[in-house]
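As structure tokens, the structure follows; a few thoughts come after it.
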């Protein structure tokens, strides 16, 4: 199974956010999307999952869907997007309630993803009682519950502090080891992209164009730790050089218009 | 850093924080009430004012006891409560339906918002004479006045509350394939509940005001009628007894809504 997007173009109010972007995500592959703010990476993620209509181009899932898939694309959101009135287990169950499952099947699926995200003992807690990291784990559990063909992550760690981010990266690594699945990971954090992705696609700012696709050729197991950081550092420099100038422009921008 | 020769121990850094944090004094409110009532009693007892114009708290209590004893109070109270409850329920049902329609559907919003804005400011009691012509002098005209008075703030609160449900939650539900109907039940309704409940506080107090006003215009029974009749007969102690009943009624409604909020919104 592979996700293929071709000729994606998106414009709102005459402002071109994405211009003819092509991408493929292979079986079990994690593709990172990075770029300066305003490069349309979140827009692209919305288009990939059918949440936004591209002005041109299309997205296809080619090949057989993995067995048990209820929802081919599920999202993990930057702001978690949990229902504050629902417990952890009930937030996860939201992803399943409208599917034809018996209540026993649903309960089993919820238990399984709660265990996978180490949330079992928090199942009846309310979101307000949880730390940011725990809340995002609920968001991840909910996204996994529907057994997506492609997991779409929209800056999943950006709202968390550095230490929590580190812990969740370890969780993601463990998760991908246990349940290999295709994913698109949007981030502005280079370290996250290099730790967690197989390939990283760099988008340029307005109009969003693919500047380069970089393969992260350091094996996943070797990426954490000091040696991993050293092995990844040339790639990190290369990515930063691709983004730096545009990030600087983005930073000096006033509501929609660049002061060139 | 070198220590200065004079004052080798240095100065302690003075505390400047703390902010403004008014502390709750337990019993202060009760004491203030007691002092106020005692003062009032004293003013009457020492004949600073004519007890006909300002009866003493004790005579108000006695008058209250008398109307309760005779059963009049309960008849008046039952009549008022019936009007409040039916009028409030009707206005609330219609207001919630209109508010949700405005919050959820473009066509309802385009029609509803200007309509509600135009009709909301009308003092509803001004329409009572018209309602009497339409529905007769009995209960329906009073209930209709209350229902109309309750309808507008409820509709405004409901559509504001629906608008305030974070769009990110609705998009999240859509991304998980939750059907539109379920999104209304599982996301919009619970998300709008805090705003709806604070709307209830406003609509309940409007219902209380309108029932008294309507009963003062025409009614044999009801707390408003009781207050008006007592005034006409110069029975100021009974008049103020009616006012006390109204104030207790308001407090009861407020605490009932407070309890409801704690029950339903414990997740906040």
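Of the candidates A:38, A:32, the single residue that is under 19 Å from the mean Cα position of the chain (by Cα), part of a strand (DSSP E or B) and under 19 Å from residue A:246 (Cβ atoms) is A:32.
Scanning the stretch B:79-100 for residues that are under 18 Å from residue B:216 (Cβ atoms) and surrounded by fewer than 17 Cβ atoms within 10 Å (Cβ to Cβ) returns B:81, B:82. In the set (1) over 32 Å from the mean Cα position of the chain (by Cα); (2) outside any loop (DSSP other than H, G, I, E, B), the condition left unmet by residue B:9 is number (2).
Given the conditions (1) touching a helix residue (DSSP H, G or I) at 6+ places or on another chain (Cβ under 7 Å); (2) more than 10 Å from chain B (Cβ to nearest Cβ); (3) under 19 Å from residue A:26 (Cα atoms); (4) surrounded by 22 or more Cβ atoms within 10 Å (Cβ to Cβ), report the number of the one that residue A:136 does not fulfil. If we test residue A:136 against (1) touching a helix residue (DSSP H, G or I) at 6+ places or on another chain (Cβ under 7 Å); (2) more than 10 Å from chain B (Cβ to nearest Cβ); (3) under 19 Å from residue A:26 (Cα atoms); (4) surrounded by 22 or more Cβ atoms within 10 Å (Cβ to Cβ), just (3) comes out false. Of the set (1) under 30 Å from residue A:5 (Cα atoms); (2) surrounded by 14 or more Cβ atoms within 10 Å (Cβ to Cβ); (3) within 13 Å of chain B (Cβ to nearest Cβ), all apply to residue A:126 but (1).
Note on the stretch A:67-84: residues that are within 7 Å of another protein chain (Cβ to nearest Cβ), over 15 Å from residue B:170 (Cβ atoms) and part of a loop (DSSP other than H, G, I, E, B) amount to 1.
Looking across the stretch B:236-268, the residues that are over 20 Å from residue B:149 (Cα atoms), away from chain A (no Cβ under 14 Å), surrounded by fewer than 17 Cβ atoms within 10 Å (Cβ to Cβ) and touching a residue at least 60 places away in the same chain (Cβ under 8 Å) come down to B:244, B:260. Output the number of residues of the stretch B:224-234 satisfying the condition of being buried (at least 17 other Cβ atoms within 10 Å of the Cβ) and closer than 17 Å to residue B:62 by Cα. So the answer is 3. Going residue by residue through the stretch B:91-103, is there one that turns out to be free of Cβ contacts under 8 Å to residues at least 40 places away in the same chain and closer than 25 Å to residue B:137 by Cα? Scanning the stretch B:91-103 turns up at least one residue that is free of Cβ contacts under 8 Å to residues at least 40 places away in the same chain and closer than 25 Å to residue B:137 by Cα. When you scan the stretch A:220-227, do you find a residue that is over 24 Å from residue A:8 (Cα atoms), surrounded by 17 or more Cβ atoms within 10 Å (Cβ to Cβ) and within 14 Å of chain B (Cβ to nearest Cβ), even just one? No; the residues of the stretch A:220-227 include none that is over 24 Å from residue A:8 (Cα atoms), surrounded by 17 or more Cβ atoms within 10 Å (Cβ to Cβ) and within 14 Å of chain B (Cβ to nearest Cβ).
Within the stretch A:144-157, the set of residues being within 14 Å of another protein chain (Cβ to nearest Cβ) and more than 30 Å from residue A:101 (Cα to Cα) comprises A:155 only.
Okay, residues lined up against (1) part of a helix (DSSP H, G or I); (2) free of Cβ contacts under 8 Å to residues at least 40 places away in the same chain; (3) under 17 Å from residue B:204 (Cα atoms):
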| residue | (1), (2), (3) |
| --- | --- |
| B:68 | yes, yes, no |
| B:80 | yes, no, yes |
| B:85 | yes, yes, yes |
| B:128 | yes, no, no |
| B:133 | yes, yes, no |
| B:137 | no, no, no |
| B:140 | yes, yes, no |
| B:150 | yes, no, yes |
| B:157 | yes, no, yes |
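Each residue in the stretch B:101-121 was checked for being buried (at least 18 other Cβ atoms within 10 Å of the Cβ) and under 23 Å from the mean Cα position of the chain (by Cα), and 1 of them qualify.
Quick grid of which residues meet (1) surrounded by fewer than 17 Cβ atoms within 10 Å (Cβ to Cβ); (2) assigned to a loop (DSSP other than H, G, I, E, B); (3) within 14 Å of another protein chain (Cβ to nearest Cβ); (4) in contact with a strand residue (DSSP E or B) (Cβ under 7 Å, 6 or more places away or on another chain):
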residue: A:4; (1), (2), (3), (4): yes, no, no, yes
residue: A:16; (1), (2), (3), (4): yes, no, no, no
residue: A:24; (1), (2), (3), (4): yes, no, no, yes
residue: A:86; (1), (2), (3), (4): no, yes, yes, no
residue: A:91; (1), (2), (3), (4): no, no, yes, no
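Bear in mind these aren't lab numbers, they're just calculated from the coordinates by the rules spelled out. Just so we're clear, the structure is a prediction, and the values are computed from it rather than from any experiment. Because the Cβ atoms are built from the backbone with ideal geometry, glycine has one as well, and the counts that use them run over all protein chains shown.
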